[in-house]
């Protein structure tokens, strides 16, 4: 095999690695520049966290989701906040794609409709995303607002042991602390 063939193969593998790791790739740069650049260095690789979190526009949930993402970003993660999709195409191209390319799943279950005097339903979308994450064997870190029906739906099968919370304003800090604990316990997350 001649030198040009090796260059062609090397360029293919560099592009493949960069794209599968969601790193910037410039096909106009010479291969040597790309290989020697920090673009492919290990310190640039961030674990992707899929944040399944309520997004009710008339609530503070959108702001809270952003706060959670900011805290995870500061810890070196690449967070994706799941947003409500209105079409099947949107689900396939956004939610399903993001779930399949994430390493971790963060489940945040806010109160929805009241079921009785002391119990609320959780977020239907979050529970559906949790079901897909469990199918993909993703590690799950779960949080449930106090009063949300415990072990509802797929939660009863996953043994997710969701951490209850009552103050939405401190939730981002609580999650960051739990991520630190989980990382220290298994040596992977932080």
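Could you tell me whether the stretch 129-136 includes any residue that is over 27 Å from residue 100 (Cβ atoms), assigned by TED's automatic domain parsing to the domain that holds residue 94 and touching a strand residue (DSSP E or B) at 6+ places or on another chain (Cβ under 8 Å)? No, there is no match, as no residue in the stretch 129-136 is over 27 Å from residue 100 (Cβ atoms), assigned by TED's automatic domain parsing to the domain that holds residue 94 and touching a strand residue (DSSP E or B) at 6+ places or on another chain (Cβ under 8 Å).
Taking the stretch 159-177 as the range and being in contact (Cβ under 8 Å) with a residue 60 or more places away in the chain and surrounded by 14 or more Cβ atoms within 10 Å (Cβ to Cβ) as the test, the residues that pass are 168, 171, 172, 175, 176.
Counting the residues of the stretch 148-158 that are loosely packed, with under 15 Cβ neighbours inside 10 Å and assigned to a loop (DSSP other than H, G, I, E, B) gives 2.
The values are calculated or read from the model by the stated rules, or taken from the named source; none is laboratory data. Just so it is clear, the structure is predicted and the values come from calculations on it, not from any experiment. A quick note on method: Cβ atoms are made from the backbone with ideal geometry, for glycine too, and the neighbour counts reach across all protein chains shown.
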